[in-house]
Amino acid sequence: MGFQQLDYLVISGDFTDRGSIGGFEKAYEFVSGLAHEFDLSAERCIFVPGNHDVQDLREAYEWRETDDGLKDGEWVRKEDIILACNKVKYPERFKAFSDCFFHKFLQRPYPADYLAQGIAIPFWETGIQFPNPELLLAD
């Protein structure tokens, strides 16, 4: 690759396409090999899913005829149907990312709660802090 040392590994977005489990398995294999090659601990690896890493789950949305009672950002129009976000099921679109990649590598699940996703990660010994940009995910 042209360098001998890697201090951190930050991958932001699109490990696979459409939340494909097979794609996550390949990404896990590649990233594991990379971490091993550069002797990186899991703590020095930061992973942020992208819009291609979510699974489009039918149950993540409630199908409606109107947007009555919904706030901006809680729905999208798809032709003549209103798709309203199901607040309970919507975060499950990241379940494959969590189960097949994130948890497997870091030994902890990817947080489903949006507020838990945006955590600053300081590395005091090098004076670097990575703002975990998971809250910036635009899907």
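Quickly run through segment 1-48 and pick out the residues that are among the aliphatic types (A, V, I, L, M), under 20 Å from the mean Cα position of the chain (by Cα) and open to solvent by 80 Å² or more (accessible area, probe 1.4 Å).
Once the filter is applied, which keeps residues that are among the aliphatic types (A, V, I, L, M), under 20 Å from the mean Cα position of the chain (by Cα) and open to solvent by 80 Å² or more (accessible area, probe 1.4 Å), segment 1-48 yields only Ile21.
Filter segment 105-115 for residues that are outside any helix (DSSP H, G or I) and open to solvent by 80 Å² or more (accessible area, probe 1.4 Å); which is modelled with the lowest pLDDT?
Checking each candidate, the answer is Asp113.
Table: residues versus (1) closer than 17 Å to Gly50 by Cα; (2) touching a His at 6+ places or on another chain (Cβ under 8 Å); (3) open to solvent by 70 Å² or more (accessible area, probe 1.4 Å); (4) modelled with pLDDT of 95 or more.
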{"site": "Glu79", "(1), (2), (3), (4)": "no, no, yes, no"}
{"site": "His103", "(1), (2), (3), (4)": "yes, no, yes, yes"}
{"site": "Ile121", "(1), (2), (3), (4)": "no, no, no, no"}
{"site": "Trp124", "(1), (2), (3), (4)": "no, no, yes, no"}
{"site": "Leu135", "(1), (2), (3), (4)": "yes, no, yes, no"}
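Determine, yes or no, whether Asp67 is outside any helix (DSSP H, G or I), among the acidic types (Asp, Glu) and modelled with pLDDT under 90.
For Asp67, the condition - outside any helix (DSSP H, G or I), among the acidic types (Asp, Glu) and modelled with pLDDT under 90 - is not met.
Within the bounds of segment 45-60, is there any residue that is in contact (Cβ under 8 Å) with a residue 12 or more places away in the chain, of a type in the set (S, T, N, Q) and in a helix (DSSP H, G or I)?
The answer is yes; a qualifying residue exists.
Say we look at segment 87-101 and pick out the residues that are assigned to a loop (DSSP other than H, G, I, E, B) and either out of contact with any helix residue (DSSP H, G or I) (no Cβ under 6 Å at 6 or more places or on another chain) or over 29 Å from Arg58 (Cα atoms) (or both); which of these is least open to solvent (accessible area, probe 1.4 Å)?
Val88
In segment 27-60, how many residues are within 18 Å of Phe94 (Cβ to Cβ) and not aliphatic (A, V, I, L, M)?
Going through segment 27-60 one residue at a time, the tally reaches 12.
The values are calculated or read from the model by the stated rules, or taken from the named source; none is laboratory data. Please read these numbers as outputs of a predicted model, since none were measured by experiment. Here Cβ is always computed from backbone atoms with ideal geometry, including for glycine, and neighbour counts include all displayed protein chains. Accessible surface is based on the protein model in full, side chains and every heavy atom, while ligands, DNA and RNA are left aside. Shrake-Rupley method; radii C 1.70, N 1.55, O 1.52, S 1.80 Å.
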